[in-house]
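Single-structure report; data block below.
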Amino acid sequence: MKGKDLKPHIGIYGRRNNGKSSLINLLTGQNIAIVSEHPGTTTDPVKKSVEIFGVGPAIIIDTAGIDDEGDLGKLRIEKTLQTIPTVDTAILILAHNTIGEFEEALIREFSFYDIPYSVIHNKSDIEQPSEDFKKKTERLTGKQILEFNAVNPDNFDELVELIKNTIPQTAYIKPSLFEGIVNPKDIVLLVTPIDSEAPEGRMILPQVMAWRDVLDQDCICMSCKETELEDFFRLGIKPALVVTDSQAFDYVSKIVPEDVMLTGFSILFSKLRGDFEAFLNGTPHIDHLQNGDKILILESCTHHVSCDDIGRFKIPHWLEKHTGKKFEFDVVPGLAAVTNPPSDYSMVIQCGGCMVTRKQLVSRLKPFIHAGIPVSNYGMTIAWVNDIFDRVTRPFQRLYKHDQ
Ligand SMILES: Nc1nc2c(ncn2[C@@H]2O[C@H](COP(=O)(O)OP(=O)(O)OP(=O)(O)O)[C@@H](O)[C@H]2O)c(=O)[nH]1
Ligand SMILES: [Mg+2]
């Protein structure tokens, strides 16, 4: 996982002119965001990697006012709302004793996506929060407000403390790939094909990350190409687990003895990428799909050509070949919004998600899981159409309940 994933993502929300951008400048001690007395200064969401006093490195997202007006305003509000699933924590900025339907809409989104948030009454130097307002806010949010002013604050430390306390630990913790699957001193064999797409002189990031994680578990890491796999097993060494590139599943599974656990890099990485249990339970639905069913392919990057090929061509082809049926496919790239309602789809297949955070993937799939639509990912789908799903998910049985 890249370093940026370990920085908490903090989103700032509220009506126009409430002081969202001012707060960002104050927190970072820099003139990062444009501030003006004209409502509607910030138009598109602005994402910045920053260092926040007392909090540390973070990604902060400034947004357009949630009460923006007109056609363009509506589009801006939509953009603002779309950032919510991508943040680890949110700050709701109120001012002028005002809380109403705009804030209620935000609060609904926060709770749907399980985003912790804090509530600040800014511009308290102009207008102090009234008792009625405090009560109403507490009723709607279940929280006490922090009285604040971003121009001349006398309780900056309280603000920092509040933000620190609303960042969940999961925003920092790097989950382990192998924890719970192997025991200390186990031997783990990584099967790493070196084909024409492999970079010159080095291994690719998932392989390096896996190697490092094996060592972190106090295990022994070994590695070979698929072409030396048979030679490896002639050595008489019995690994506790073999991890292979998913593209070589078919070949590798025939060589690795049945009593040796086998899985794929893409399956392993789905532990870090999205709701593993939902993928585990959703994938077998492939065999219940009907002719003409609509399948949504969710990509998370916009530029990775080789992934593009897997999601747009290979997976649709394999699914139709495996089931002998014809489906309709919708592909949504990047973190773009899905315009159709979840119920339009019979199944959702998510890419590996190497470009986004776990939280972003979990949030993206949440509306579908909520609507009872089965979800899978590339790795598990590839395993299913190769009739190897049960075997390559077996190593995870200790960790997750399996419905099937
Ligand atoms: N008196 C006072 N003025 C403030 C405070 N916070 C911000 N302002 C002023 O309010 C105006 C709006 O501040 P911004 O930070 O641009 O507000 P915003 O929420 O980002 O506004 P939009 O980008 O238009 O949605 C600016 O003139 C700020 O200087 C405060 O706590 N007290
Ligand atoms: Mg602004």
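Out of I24, I10, I66, I need the residue that is within 14 Å of I163 (Cα to Cα), touching an Asp or Glu at 6+ places or on another chain (Cβ under 9 Å), among the hydrophobic types (A, V, I, L, M, F, W, C) and within 14 Å of ligand 2 (Cβ to nearest atom). Which one? From the options I24, I10, I66, the qualifying one is I24. Please verify whether I24 is within 26 Å of the chain's Cα centre (by Cα), part of a strand (DSSP E or B) and modelled with pLDDT of 90 or more, treating the condition exactly as stated. Criteria not met by I24. Can you find, within the stretch 334-388, the residue that is nearest to E277 (Cα to Cα) among those that are part of a loop (DSSP other than H, G, I, E, B), of a type in the set (S, T, N, Q) and open to solvent by 50 Å² or more (accessible area, probe 1.4 Å)? Only one residue tops the list, namely N386.
One residue stands out among those in the stretch 113-138 that are of a type in the set (A, V, I, L, M) and away from ligand 2 (no atom under 16 Å from the Cβ): the one that is most open to solvent (accessible area, probe 1.4 Å), which is I126. Of all residues in the stretch 60-80, those that are under 15 Å from E103 (Cα atoms), touching a helix residue (DSSP H, G or I) at 6+ places or on another chain (Cβ under 9 Å) and either near ligand 1 (Cβ under 9 Å from one of its atoms) or of a type in the set (D, E, K, R) (or both) total 6. For the stretch 1-21, the candidate set comprises residues that are part of a strand (DSSP E or B) and not hydroxyl-bearing (S, T, Y); within that set, the residue that is farthest from ligand 1 (Cβ to nearest atom) is H9.
Of the numbered criteria (1) without any contact (Cβ under 8 Å) to a residue 40 or more places away in the chain; (2) out of contact with any strand residue (DSSP E or B) (no Cβ under 9 Å at 6 or more places or on another chain); (3) among the basic types (K, R); (4) outside any helix (DSSP H, G or I), the one K48 fails is (2).
When I34 is tested against the conditions (1) more than 8 Å from ligand 2 (Cβ to nearest atom); (2) assigned to a loop (DSSP other than H, G, I, E, B); (3) of a type in the set (A, V, I, L, M), the lone failure is (1).
For the subset of the stretch 91-114 comprising residues that are of a type in the set (A, V, I, L, M) and touching a residue at least 60 places away in the same chain (Cβ under 8 Å), which member is nearest to I61 (Cα to Cα)? Looking at the filtered set, the residue picked out is I91. I need a count of the residues in the stretch 52-99 that are among the small types (G, A, S), in a loop (DSSP other than H, G, I, E, B) and either in contact with a Phe, Trp or Tyr (Cβ under 6 Å, 6 or more places away or on another chain) or open to solvent by 10 Å² or more (accessible area, probe 1.4 Å) (or both). The total comes to 1. Within the stretch 101-144, the only residue that satisfies the criterion of being more than 30 Å from T170 (Cβ to Cβ) and under 30 Å from the mean Cα position of the chain (by Cα) is E101.
Remark: pairs (first residue in the stretch 117-136, without any contact (Cβ under 8 Å) to a residue 40 or more places away in the chain; second residue open to solvent by 50 Å² or more (accessible area, probe 1.4 Å) and among the charged types (D, E, K, R); Cβ separation under 8 Å; 6+ apart in sequence or on different chains) = V119/K143; H121/E147; S124/E147; Q128/E147; P129/E147. Of all the criteria given as (1) surrounded by 20 or more Cβ atoms within 10 Å (Cβ to Cβ); (2) away from ligand 2 (no atom under 15 Å from the Cβ); (3) closer than 16 Å to I32 by Cβ, the one not satisfied by S49 is (1).
The values are calculated or read from the model by the stated rules, or taken from the named source; none is laboratory data. Owing to the predicted nature of the structure, the values given are computational and were not obtained by experimental measurement. Using ideal geometry, Cβ is built from the backbone for each residue, glycine included, and neighbour counts are taken over all protein chains shown. Keep in mind that these areas ignore ligands, DNA and RNA; they rest on the heavy atoms of the full protein, side chains included. Shrake-Rupley method; radii C 1.70, N 1.55, O 1.52, S 1.80 Å.
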